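Asks: Below is one structure. I have some questions about it.
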Amino acid sequence: PASLTKVVTLDTVVKNVDNLNDYSYISNNDYARLIEANASLAGIKVNYDYTLKDLLYALVLPSGGDAGLALENYFSSQGKDLSLMNSNLSSLGIKDSHFTNTTGLHDESLYTTLDDYARVVIDTLNNADAKEILKSYRYTLDDGITVRSTLRSLENYFDEITIYGGKTGFTGEAGENLMVLYSTGGRSYLLILASAPGNPYVANENYHFIDAVSVLEYLYK
C-alpha cells in the first residue's frame, strides 16, 4: 500500500490516544533513516515538540514520513508499539492485512487488500478529527509551516464532482496507489486504485491520477 498506510496510522492514533494535544518529536537519527530510505517528508523540524494533531496533518497531507516516525516515538514513550495498528485491524474483522510501520516504506511483511483498506478508510471517517484531516488540502502547523495535500492537483478538476479528500502512495515496489473520497448527486463515494505502473516524480507518469480522472468522468457520464 505504500503511503496509503498512513491512513491506517491515522485511524490507529485517533482510536488509541486520549489527547491529540500531547506532544512528540523527530530526532536527527530518525531523519537520517528516512533520507537513506528516500522517504517523502513534510519538513517538520528536528527535536521540535509538535502536537499529535499537527503531526497527523503532516503525516497525511504531504505524506510526511518524518511525522510518522514522530508518532512512533510517541507510542514508544507511552510504552506502546506498532502492534496497535494490527490490533486495530483485528477489531474491524480484517484478516488479510499486516502493517509493520507507520509510513508505508516497503516491507515484504506489510500488505493489505483493497477490501480491507476500504474498511479502514470507512472506520477512519467515523472519527470527526480524522475525517477533518482527510478532508483538508492545506494546514498550518504551530511552528508556521504550511503543509499541503498531495491530492491538490485533483481538487478543482471537476465541476460536477467534489473531491473532498484522500491519500496517495508510491514506492518502486508498490507502484502508484490512490484513495479518493468524492461526492456527486448528493451521494459520497470511495475510490481506491492500486499498483499503477508509473512514477509520480516523472513527467506524464502520474497514472494513478490519470486513471482516477478516467474513472470519475466515466461514472459521472
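Asks: Near N86, within a Cβ-to-Cβ distance under 15 Å, what is the net charge of the other residues, with Lys and Arg +1 and Asp and Glu -1?
Replies: -3
Asks: Continuing with this model, one more query. For every helix of n ≥ 4 consecutive DSSP H residues, a contribution of -39,500 (n - 2.57) applies; sum these over the chain, divide by its total residues, and give [θ] at 222 nm rounded to the nearest 500 deg cm²/dmol. Before the final figure, lay out the partial values.
Replies: Details: 8 runs with 85 residues, N = 221.
Result for the chain, helices only: -11500 deg cm²/dmol.
Asks: Which listed residue (I210, L82, V46) has the Cα farthest towards the positive end of the charge dipole for the chain, taking +1 on Lys and Arg C-beta and -1 on Asp and Glu C-beta about the Cα centre?
Replies: Of I210, L82, V46, it is I210.
Asks: Relative contact order for segment 65-150 using alpha-carbon pairs under 8 Å, separation at least 6, rounded to a whole percent?
Replies: On the way: 60 pairs, mean separation 15.0, N = 86.
Averaging sequence separation for qualifying contacts and normalising by length gives 17 percent for segment 65-150.
Asks: Can I ask one more? Can you compute the FRET efficiency between N204 and S77 using 1/(1 + (r/R0)^6), with r the Cβ-Cβ distance and R0 = 45 Å? Round to the nearest 0.05. Could you put the intermediate results ahead of the total?
Replies: Working: r = 44 Å, r/R0 = 0.98.
My answer for the efficiency is 0.55.
Asks: Now for a separate question. Which whole-number percent gives the relative contact order of the chain, counting Cα pairs below 8 Å spaced six or more residues apart?
Replies: Numbers: 386 pairs, mean separation 44.1, N = 221.
Worked out over the chain, it gives 20 percent.
Asks: Place +1 on the Cβ of every Lys and Arg and -1 on the Cβ of every Asp and Glu in segment 88-221, take the dipole about the Cα centre, and give the residue among L151, L219, Y201 whose Cα lies farthest towards its positive end.
Replies: After comparing all options, I get L219.
Asks: Just to confirm, what accessible area per residue do you get for the chain at 1.4 Å probe, in whole Å²?
Replies: Details: 10610 Å² over 221 residues.
Using a 1.4 Å probe on heavy atoms only, each residue of the chain averages 48 Å².
Asks: Can I ask one more? Is there a quick way to get the dipole size of segment 150-221? I mean about its Cα centre, with the Cβ of Lys and Arg at +1 and of Asp and Glu at -1; what is the value in debye to the nearest 20? Can you show the working numbers first?
Replies: Working: 4 positive and 8 negative charges, 42 e Å.
Here segment 150-221 has a charge dipole of around 200 debye.
Asks: Now a separate question. Once Lys and Arg get +1 and Asp and Glu get -1 on their Cβ, which of L10, T112, G68 lies farthest toward the positive end of the dipole of segment 1-121?
Replies: Value: L10.
Asks: Within the chain, what whole-number % of the accessible surface is contributed by carbon and sulfur, with the 1.4 Å probe and all protein chains included in the calculation?
Replies: 44
Asks: Let me ask something else about it. If you put +1 on each Lys and Arg Cβ and -1 on each Asp and Glu Cβ, how big is the dipole of segment 68-115 around its Cα centre, in Debye rounded to 20?
Replies: Dipole magnitude for segment 68-115 comes out near 180 debye.
Asks: Report the percentage of all Cα-Cα pairs in segment 158-221 whose separation exceeds 13 Å, rounded to a whole percent.
Replies: Details: 1228 of 2016 pairs.
Beyond 13 Å sits 61 percent of the P(r) for segment 158-221.
Asks: Could you please put T140, T168 in sequence from largest to smallest accessible area, using a 1.4 Å probe? It would help to have the intermediate numbers written out before the result.
Replies: On the way: T140 75, T168 20 Å².
Most to least solvent-accessible, the answer reads T140, T168.
Asks: Once you sort the root eigenvalues of the Cα gyration tensor of segment 61-112 as a ≥ b ≥ c, which label holds: rounded (a/c under 1.5), prolate (a/b larger than b/c) or oblate (the other case)? Working shown, then result.
Replies: Values: a/c = 2.01, a/b = 1.26, b/c = 1.59.
Because a/c hits 1.5 or more and a/b fails to exceed b/c, segment 61-112 counts as oblate.
Asks: Could the peptides 28-39, 188-199 be put in order, highest first, of the mean number of other beta-carbon atoms found within 10 Å of their residues?
Replies: Values: 28-39: 13.4, 188-199: 15.4.
Ranked from most to least packed, the peptides come out as 188-199, 28-39.
Asks: Any idea what the dipole of segment 52-178 comes to, in debye rounded to 20, about its Cα centre with Lys/Arg Cβ at +1 and Asp/Glu Cβ at -1? Walk me through the intermediate numbers first.
Replies: Details: 10 positive and 19 negative charges, 54 e Å.
Here the size comes out at about 260 debye.
Asks: Residue separation times 0.36 nm, minus the C-alpha to C-alpha distance between D142 and K95: what's the value? Could you put the intermediate results ahead of the total?
Replies: On the way: separation 47, 0.36 × 47 = 16.92 nm, distance 3.81 nm.
So the extension gain works out to 13.1 nm.
Asks: Any of K15/K95; K15/K45; K15/K131; K6/K53; K131/K221 with alpha carbons more than 24 Å apart? Name them for me.
Replies: Numbers: K15/K95 19 Å; K15/K45 26 Å; K15/K131 13 Å; K6/K53 14 Å; K131/K221 28 Å.
With Cα atoms farther than 24 Å apart: K15/K45; K131/K221.
Asks: Continuing with the same structure: What's the Kirkwood radius of segment 101-196 in Å, using all Cα pairs? Intermediate results must be reported in sequence, preceding the final value.
Replies: Working: mean 1/r = 0.0675 Å⁻¹.
About 14.8 Å, per the Kirkwood formula over Cα pairs.
Asks: Moving to a separate point now. Please report Rg (one decimal) and Dmax (integer) in Å for the Cα set of segment 36-142.
Replies: So, for segment 36-142, Rg and Dmax equal 14.1, 38 Å respectively.
The values are calculated or read from the model by the stated rules, or taken from the named source; none is laboratory data. Because the structure is a prediction, the values reported are computed rather than measured. Heads up, the Cβs are rebuilt from the backbone with ideal geometry, glycines too, and the neighbour counts pull from every protein chain shown. Each accessible area value is taken on the protein alone, full model and side chains, heavy atoms only, with ligands, DNA and RNA left out. Shrake-Rupley method; radii C 1.70, N 1.55, O 1.52, S 1.80 Å.
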